[in-house]
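Scroll down for the structure; my scribbles are underneath it.
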Amino acid sequence: MTRSGAERAVIVICDSLRADLITPETAPFLSELRGRAAFFAAHRSVFPSTTRASAASIATGCRPARHGLLGNTMALDEGEGLVCRSAGAPDFRDRMRRATGRTLHVPTLAERLRWHGEDSVSCANVSPGAAYFQDPDGHGWVYHSAGSFGPGLVPIQDPASAGLTKGIAGDRVMAERFCSDIIEHRAPSLAILWLSEPDYTGHHAPLGSPQHLTAIAGADALVKQVFDTVRRLDPAGEDILFVAGSDHGMETVADAIDLTALLVAAGLKQSRESPDVVVAPNGTAATLYFADPEGELVGQVARFLAGENWVGELFTGERLAAAGLPTDTPMRIAVSLAGEDRANPHGIRGYAPIVQDPSDNESKIGFGQHGGLSPNEQHPFLVIEGGGFTAGIREQPSSLVDIAPTVLRHLHLDHDDMDGRALPRELGER
């Protein structure tokens, strides 16, 4: 299919904003918009429900099983055995390419647009990994405080991004530039704005606290700023598809599980640093990698985990595929931790333990986290306006992987090789 015409798409992601926390009091604009746009009430994240895996799924229209980024952390063998690495580090995409021969296993939106000579721009105030894995091989422009890049991964001198900090102040500066420079003047076929809030505050304050609600309100105001810019340029909504959503939700952290220590104590891992089995913490989930993926240790560890009361869901063997994870890599076990449906001191429901991350010694107890399969973590929001979408609530299931094919359909480009599907424009359409 050949791309032609004036159509373009604008996506705004409010990191970690649970759909049930969008109320007229906390998020007045989004509350109003979902009443006059297409609102997807059964929208879900991917597993693990982490920002970096979610970013890759939004970018590719595929689940982690196909795109290959399996969470916020992954174990890589760079020549001396498996070692857990943060996928958020600025150099992770280079490490992944050296260790495996590639970054993502399937094309991103940026790459597909470049095939047709079209531009894409991403502005992200989240971790470098979440920013870079929207376009890890440099087909468009990516702006981030850790370093900005143009096509071919050519570094860009970008003082405006270099000075950004996470939080609503940095989000405001980035949104202003996104509206005035990216949307209005450069007008790429695809423009993505990824806000750090309310995720940043949710990780450092109780969910529903005054600080957290202020962060939600701040993100809501920035979505309105972008929407107003879009509709000033395209009042009828015929050319510019506007997509606002989040990547996952959050739950309150109840406890921290040192899974590595438990495996050592059970005689299932030689030492904390041994490469025989490596734990990759992913918040309220974890993935486990094995030096011998076909060996007996996989089954032994799976049986041990099945007896732990903090394990909610256990995936191994062919069950990994049902969770959207690969079955043919060194990652052979995934767990989602058991949650509790109770309210925190601010009335926000949902508690779960986390798997302790040795690289992060800051206490998370009582604050927000994500990564697992609980209803609250798996309840991001999605609102679409313009591009022929009629107003109304869509009750049929949708997912992060449906965003990319929806964008490509609007741009008159092929999208039938993805896990996701283009979402229905009309009420009642399947």
Which one of the conditions (1) over 22 Å from ASP220 (Cα atoms); (2) in a strand (DSSP E or B); (3) of a type outside the set (Lys, Arg) does ALA404 fail to meet, given that it meets all the rest? (2)
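Return yes or no: is PRO188 at pLDDT 95 or above, touching a Ser or Thr at 6+ places or on another chain (Cβ under 8 Å), more than 30 Å from ASP419 (Cβ to Cβ) and surrounded by fewer than 22 Cβ atoms within 10 Å (Cβ to Cβ)? Talk me through it step by step, then tell me what you get.
Numbers: at pLDDT 95 or above: yes; touching a Ser or Thr at 6+ places or on another chain (Cβ under 8 Å): yes; more than 30 Å from ASP419 (Cβ to Cβ): no; surrounded by fewer than 22 Cβ atoms within 10 Å (Cβ to Cβ): yes.
Spelling it out, it is not the case that PRO188 is at pLDDT 95 or above, touching a Ser or Thr at 6+ places or on another chain (Cβ under 8 Å), more than 30 Å from ASP419 (Cβ to Cβ) and surrounded by fewer than 22 Cβ atoms within 10 Å (Cβ to Cβ).
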Residues within segment 369-386 that are open to solvent by 10 Å² or more (accessible area, probe 1.4 Å) and either touching a Cys at 6+ places or on another chain (Cβ under 7 Å) or part of a loop (DSSP other than H, G, I, E, B) (or both), tallied: 5
All but one of (1) over 29 Å from ALA89 (Cα atoms); (2) in a loop (DSSP other than H, G, I, E, B); (3) among the charged types (D, E, K, R) hold for ARG342, so report the exception by its number. (2)
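Suppose we filter ALA89, ALA6, ALA37, ALA99 for residues that are free of Cβ contacts under 8 Å to residues at least 24 places away in the same chain and of a type in the set (A, V, I, L, M); which single one remains?
On the way: ALA89 fails: free of Cβ contacts under 8 Å to residues at least 24 places away in the same chain; ALA6 fails: free of Cβ contacts under 8 Å to residues at least 24 places away in the same chain; ALA37 fails: free of Cβ contacts under 8 Å to residues at least 24 places away in the same chain.
When all the criteria are applied, what remains is ALA99.
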Pairs, please: C-beta under 6 Å, at least 6 apart or cross-chain, first residue under 23 Å from LEU373 (Cα atoms) and in segment 271-284, second at pLDDT below 95 and surrounded by 15 or more Cβ atoms within 10 Å (Cβ to Cβ)? PRO281/ASP357
Determine which member of the set ALA131, ALA175, ALA169, ALA160 is small (Gly, Ala, Ser), closer than 23 Å to ASP220 by Cα and touching a strand residue (DSSP E or B) at 6+ places or on another chain (Cβ under 6 Å). ALA131
Considering only residues that are part of a helix (DSSP H, G or I) and crowded, with 20+ Cβ neighbours inside 10 Å, which ones fall in segment 151-172? SER161, ILE168, ASP171
Per the filter on segment 309-355, residues over 22 Å from THR260 (Cα atoms) and of a type in the set (Gly, Ala, Ser) are ALA321, ALA322, ALA323, GLY324, ALA343, GLY347, GLY350
Could you tell me whether any residue of segment 8-28 is modelled with pLDDT under 95, hydrophobic (A, V, I, L, M, F, W, C), under 28 Å from GLY387 (Cβ atoms) and surrounded by fewer than 24 Cβ atoms within 10 Å (Cβ to Cβ)? no
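Residue under question is GLU340, and the condition is that it be open to solvent by 50 Å² or more (accessible area, probe 1.4 Å), within 17 Å of ALA254 (Cβ to Cβ), in contact with a strand residue (DSSP E or B) (Cβ under 6 Å, 6 or more places away or on another chain) and among the charged types (D, E, K, R); does it hold? Give the derivation first.
Working: open to solvent by 50 Å² or more (accessible area, probe 1.4 Å): yes; within 17 Å of ALA254 (Cβ to Cβ): yes; in contact with a strand residue (DSSP E or B) (Cβ under 6 Å, 6 or more places away or on another chain): yes; among the charged types (D, E, K, R): yes.
Spelling it out, GLU340 is indeed open to solvent by 50 Å² or more (accessible area, probe 1.4 Å), within 17 Å of ALA254 (Cβ to Cβ), in contact with a strand residue (DSSP E or B) (Cβ under 6 Å, 6 or more places away or on another chain) and among the charged types (D, E, K, R).
Of all residues in segment 191-238, which are open to solvent by 50 Å² or more (accessible area, probe 1.4 Å), of a type outside the set (Ser, Thr, Tyr) and farther than 19 Å from GLY388 by Cα? Break it down into steps so the answer makes sense when it comes.
Going residue by residue through segment 191-238, those that are open to solvent by 50 Å² or more (accessible area, probe 1.4 Å) are 200, 204, 210-211, 213-214, 221, 224-225, 228, 232-233, 235-236, 238.
Keeping just the survivors that are of a type outside the set (Ser, Thr, Tyr) gives 204, 210-211, 213, 221, 224-225, 228, 232-233, 235-236, 238.
Answer for segment 191-238, where residues must be open to solvent by 50 Å² or more (accessible area, probe 1.4 Å), of a type outside the set (Ser, Thr, Tyr) and farther than 19 Å from GLY388 by Cα: HIS204, PRO210, GLN211, LEU213, ALA221, LYS224, GLN225.
The values are calculated or read from the model by the stated rules, or taken from the named source; none is laboratory data. Predicted model, so just to flag it, every value in this text is computed and none were measured. Here the Cβ is made from the backbone with ideal geometry for all residues, glycine too, and neighbour counts use every protein chain on show. Note: areas computed on protein heavy atoms with side chains; ligands, DNA, RNA excluded. Shrake-Rupley method; radii C 1.70, N 1.55, O 1.52, S 1.80 Å.
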